[in-house]
Structures are given as structure tokens and as C-alpha cells.
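> Submitted below is the structure of interest, expressed as C-alpha cells.
The values are calculated or read from the model by the stated rules, or taken from the named source; none is laboratory data. Given the structure is predicted, the values throughout are model-derived calculations rather than measurements. We place every Cβ from the backbone using ideal geometry, glycine too, and count neighbours over all the protein chains shown.
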Amino acid sequence: MGRYRPPPPKRSAYITPEGAQSMRDELEQLWKVERPVVTQAVTDAAALGDRSENADYHYGKKRLRQIDGRVRFLAKRLEEVTIVDAKERSDDKVFFGAWVLLENDDGEEVEYRIVGPDESNVEEKAISMDSPMAKAMMGRSIGDEITVKRPRDTASFEIVAVRYE
């Protein structure tokens, strides 16, 4: 009897032009650069004879499966997403693609960009539109206060600035 796995949570299908280009670049890198190199390494390892104890062969086959899985995912996801270029926006409301400057109760400022789930990156302060923080900001304006429930506490922020550059 197989294990039951619940379906993955639905991901929003929006992406910035930069995020879509990044996915296309990764797809091309995997397909045209990495896959041919790994394929050649597997062929070379297979030519050595006994495959049962050939670590290079087994690692290469595993890496090919990983590359092929990622290629399939990227190709399918690129067909599903809608590219949203928010640069034309000029209002002070928070929507997809916005850079939002927030100030917490201690006067500390932090800036986040609201992006699609495929391009969120904590180090770059790019947060998914599906995140609690982004959901709290969406549709709000400069001067509005938002409250975000976090795993350990609840935090309040004021929206200081919104830009779409």
C-alpha cells in the first residue's frame, strides 16, 4: 500500500520579467551545457566495463535524472506562468512587483519586493506574493499599518514607500 501524499499547495502563477528570464536561462544552461557534459561522463564511465561498482556511472545517471526532472519542471512552469511587468504602475498602492519600504515599531526599516513564488529569495529581500507578509501588504497604501502573524509572534509595520522600478 502506497503512502498518501497530499497535493502540493497551489502556487500563484505570476512572475516578473526578470524571474521568467532567470528560469529560461536556467533551462538553457541545464539543457545545452550541463546535460551534454553529464551525458558524456556517463558514456565514458559505461565504456570502462563493469557498471555494478562504477561510482562515476551511478552518480552520472542520478545527476541526469535530476537534470531531466528540473528541465521538465521549468518547461512546464514557464508555460503556466503569467509575466507581469509592474514598471508601468505609478500609484502608491502595493501590488505584485512592488518594492515596499516598511518601518517596524522600533523605527527600523526593511525593504521587500513582492514577486512570484518561483523567484522568492530571502537574501535578495524578494518575498513570495503567497507569503503572510506580502498578503498583508497587497492593496495597501503609503502610511497604512499592517500586522503580520509570524511563527513566534505578531509584528506591526508601517508602509513608508512603494516603488515599481
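> If you check every pair at least six apart or on different chains, which have Cβ atoms under 8 Å apart with a residue in the stretch 2-21 that is closer than 21 Å to LYS135 by Cα and assigned by TED's automatic domain parsing to the domain that holds ALA134 first and a residue that is modelled with pLDDT under 70 and in a helix (DSSP H, G or I) second?
Qualifying pairs under 8 Å: none.
> Further question: Scan the stretch 39-91 for residues that are closer than 30 Å to ALA161 by Cα and either assigned to a loop (DSSP other than H, G, I, E, B) or at pLDDT 85 or above (or both) and jot them down.
Residues of the stretch 39-91 closer than 30 Å to ALA161 by Cα: 81-91.
Matches in the stretch 39-91: VAL81, THR82, ILE83, VAL84, ASP85, ARG89, SER90, ASP91.
> Also, I was wondering about something else. So, in the stretch 126-140, exactly how many residues are in a strand (DSSP E or B) and in contact (Cβ under 8 Å) with a residue 24 or more places away in the chain? Quick ask: steps written out before the conclusion?
Initial filter on the stretch 126-140 (in a strand (DSSP E or B)): 126-128.
Add one more test, that the residue is in contact (Cβ under 8 Å) with a residue 24 or more places away in the chain, and what stays is 128.
Residues in the stretch 126-140 being in a strand (DSSP E or B) and in contact (Cβ under 8 Å) with a residue 24 or more places away in the chain: 1 in total.
> Checking GLY139 against (1) under 22 Å from THR82 (Cα atoms); (2) surrounded by 15 or more Cβ atoms within 10 Å (Cβ to Cβ), which test does it fail?
Here GLY139 meets the rest and fails (2).
> Additional query: Right, VAL115: surrounded by 13 or more Cβ atoms within 10 Å (Cβ to Cβ) and in contact with a Phe, Trp or Tyr (Cβ under 8 Å, 6 or more places away or on another chain) or not?
On the way: surrounded by 13 or more Cβ atoms within 10 Å (Cβ to Cβ): yes; in contact with a Phe, Trp or Tyr (Cβ under 8 Å, 6 or more places away or on another chain): yes.
Yes, satisfied.
> Tell me the residue from ALA86, ALA134, ALA75 that is of a type in the set (Gly, Ala, Ser), within 20 Å of GLU18 (Cα to Cα) and in contact with a Gly (Cβ under 7 Å, 6 or more places away or on another chain), please. I'd like the intermediate steps shown before the answer.
On the way: ALA134 fails: in contact with a Gly (Cβ under 7 Å, 6 or more places away or on another chain); ALA75 fails: in contact with a Gly (Cβ under 7 Å, 6 or more places away or on another chain).
It is ALA86.
> Moving on to the next point. Within the stretch 141-165, which residues are outside any strand (DSSP E or B) and without any contact (Cβ under 8 Å) to a residue 60 or more places away in the chain? Outline the logic, then answer.
Going residue by residue through the stretch 141-165, those that are outside any strand (DSSP E or B) are 142-144, 150-153, 164-165.
If the condition is that a residue be outside any strand (DSSP E or B) and without any contact (Cβ under 8 Å) to a residue 60 or more places away in the chain, then ILE142, GLY143, ASP144, ARG150, PRO151, ARG152, ASP153 are the ones that fit.
> Given the residues ALA98, ALA46, which is the only one that is within 17 Å of ALA13 (Cα to Cα) and hydrophobic (A, V, I, L, M, F, W, C)?
Values: ALA46 fails: within 17 Å of ALA13 (Cα to Cα).
Result: ALA98 is the single residue among ALA98, ALA46 that is within 17 Å of ALA13 (Cα to Cα) and hydrophobic (A, V, I, L, M, F, W, C).
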